[in-house]
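Notes follow once the structure below has been shown.
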């Protein structure tokens, strides 16, 4: 135990763009720690000279003909957007960091 | 059995016959199901959306074009809420996809509709399929029709429960670590996870892309074959779907098992497996022997590492797949305007949208996955798990040189009580201990009913097979099923 600490959880959550609620951090740290402790048993397995499996099918590259096919109309793609303007997704201001 | 007064109790193949013989209309069938849903879904809570009006229109449309009779003409199918249906709510049981209506159909949806199926509604699920109990859904849990105080299993809990409670004729689910088979076992129905690549994943909202597979949940094995006939096959829109011919699976359904060589892995019959589950599975194995099969004990030595491997690989892929839910293109966006927070506005929007939009288990998995992929930990966790995954796959490759299939319990225990494991994620993860390996190895596996506990809870038998040999599994499952009556039992839909 003690594999992952509160500050690690906060750091990883920030990488994942999740702001954790204060009440949740302590509990998560304990739960993730016991999960990682359980996962440690993988160290017992001899994986010297074993190829990693990222995918079970014997395929490497999948090519298709470079044909133009119909794509979704812009209106339809934007239909679900929580913020939009014209043909664009609208997000909070990115430049300067200042708000209106 | 074939009581047209209660058509909702029937199977797809029985209904197809009744429709063909004009003994029932699609509208009458639909009405009986909608009535049934009204009667029992208040207790089961298997559906998250049912659009009665458009269903009635669709039923009329189907009746008016009898020339285009398809393989599933008039058959109602429940769709798990992570499979895209154009214009209809598709939320993965998550607040972060609130209000999302996909602009296109999943390939399986196109195929079902193309064969005349009636998509009955969307089924509840663990949020983003993260769970084994259907309790992490933002809509609240689905209840097990055999005992309403218990979980239906997960993550395809809504699909399994609606089939078990006769609220639908059949359903589609998705299986990343057991999410079709475990709820099928706990609800007493048939659940089939095909080979990775057998069924197109286009339009299935991704959880772990190297493990996810869509499959049927049905009242019997023949229906499973019928649905697989329709959904299986190559799809140019899914680059991981396999270009391998799809046989007519119904032609493999025979009543004897002569020549079938079964392996019984000793690692699946260990301490921790419920005594009644163990007994029911052994009885089934002996029954399969009486039907002509032979069995021998085998070893899959890396079984004990499957859960640990999975909980690195699956959350890693999930953390990457779920990056897209950030309040920009679809779904929920947090309105938060906290002026004391000095984070730049866009970042603040991401952070609070994902804080408020994802439930606890989704956050746990995203953080776990991000951790194992982050600099300094990648080799120790992710790469190591991918190598152990190879070892697990090699175990199966070796066994399948001498055996046609492997028989095990689907779940080590029957359905547990609601809330029992919710605060203990590791214990929850261990409920998938017997189903995860098939996903890691990419091979097909089916769960069929094989008995009941003394408390009246269903027990599931798992049959695991070689890649793309779904037909062998269906043959074995059908012969066993037809020699028993487990699949004909119906729940009373009350508390235990």
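The values are calculated or read from the model by the stated rules, or taken from the named source; none is laboratory data. Just so it is clear, the structure is predicted and the values come from calculations on it, not from any experiment. So basically every Cβ, Gly included, is an ideal-geometry build from the backbone, and we count neighbours across all protein chains shown.
Some points to look at:
- The one condition from (1) surrounded by fewer than 19 Cβ atoms within 10 Å (Cβ to Cβ); (2) closer than 30 Å to residue B:186 by Cβ; (3) within 12 Å of chain A (Cβ to nearest Cβ) that residue B:417 does not meet is (3).
- When B:227, B:253 are screened for being under 30 Å from residue B:105 (Cα atoms) and in contact with a helix residue (DSSP H, G or I) (Cβ under 8 Å, 6 or more places away or on another chain), only B:227 passes.
- Among the residues of the range B:466-486, those identified as away from chain A (no Cβ under 14 Å) and under 18 Å from residue B:193 (Cβ atoms) are B:469, B:470, B:471, B:472, B:473, B:474, B:475, B:476, B:477, B:478, B:480, B:481.
- Evaluation of residue B:383 against (1) touching a helix residue (DSSP H, G or I) at 6+ places or on another chain (Cβ under 8 Å); (2) facing chain A (nearest Cβ under 8 Å); (3) more than 26 Å from residue B:95 (Cβ to Cβ); (4) surrounded by fewer than 22 Cβ atoms within 10 Å (Cβ to Cβ) (one fails), failing number: (1)
- Meets criteria (touching a strand residue (DSSP E or B) at 6+ places or on another chain (Cβ under 6 Å) and within 27 Å of residue B:424 (Cα to Cα)) for residue B:157: no
- Test for residue B:342: is it closer than 19 Å to residue A:21 by Cα, without any contact (Cβ under 8 Å) to a residue 12 or more places away in the chain and more than 8 Å from chain A (Cβ to nearest Cβ): yes
- Residues of the range B:51-75 that turn out to be more than 23 Å from residue B:166 (Cβ to Cβ), assigned to a helix (DSSP H, G or I) and under 27 Å from the mean Cα position of the chain (by Cα), as a count: 0
- Test: residue in the range B:487-496 that is surrounded by fewer than 22 Cβ atoms within 10 Å (Cβ to Cβ), more than 18 Å from residue B:182 (Cα to Cα) and touching a helix residue (DSSP H, G or I) at 6+ places or on another chain (Cβ under 6 Å): yes
- Comparison of B:276, B:297 shows that the only residue that is farther than 30 Å from residue B:210 by Cβ and part of a strand (DSSP E or B) is B:297.
Table: residues versus (1) in a loop (DSSP other than H, G, I, E, B); (2) within 9 Å of chain B (Cβ to nearest Cβ); (3) surrounded by 12 or more Cβ atoms within 10 Å (Cβ to Cβ).
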site	(1), (2), (3)
A:32	no, yes, yes
A:38	no, yes, yes
A:47	yes, yes, yes
A:52	yes, yes, yes
A:58	yes, no, no
A:62	yes, yes, yes
A:67	yes, no, no
A:75	no, no, no
A:80	yes, yes, yes
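- Test result for residue A:11, surrounded by fewer than 17 Cβ atoms within 10 Å (Cβ to Cβ) and more than 8 Å from chain B (Cβ to nearest Cβ): yes
- The criterion of being outside any helix (DSSP H, G or I) and either within 14 Å of chain A (Cβ to nearest Cβ) or crowded, with 17+ Cβ neighbours inside 10 Å (or both) holds for residue B:239.
- Selection status of residue B:244, within 20 Å of residue B:404 (Cα to Cα) and not in a helix (DSSP H, G or I): yes
- Listed conditions (1) closer than 21 Å to residue B:375 by Cβ; (2) more than 7 Å from every other protein chain (Cβ to nearest Cβ); (3) modelled with pLDDT of 95 or more are all met by residue A:84, apart from (1).
- When residues of the range B:368-380 are limited to those that are in contact (Cβ under 8 Å) with a residue 12 or more places away in the chain and at the interface with chain A (Cβ under 9 Å from one of its Cβ atoms), the one surrounded by the most Cβ atoms within 10 Å (Cβ to Cβ): B:368
- Any chance residue B:88 is more than 21 Å from residue B:132 (Cβ to Cβ) and within 14 Å of chain A (Cβ to nearest Cβ): yes
- Any hit, the range B:76-87, residues being over 24 Å from the mean Cα position of the chain (by Cα), in the same structural domain as residue B:422 (by TED's automatic domain parsing) and not in a loop (DSSP other than H, G, I, E, B): no
- Residue check for residue B:284: touching a residue at least 24 places away in the same chain (Cβ under 8 Å) and part of a helix (DSSP H, G or I): yes
- Among (1) closer than 26 Å to residue A:53 by Cα; (2) more than 24 Å from the chain's Cα centre (by Cα); (3) crowded, with 24+ Cβ neighbours inside 10 Å - the single one residue B:400 does not satisfy: (3)
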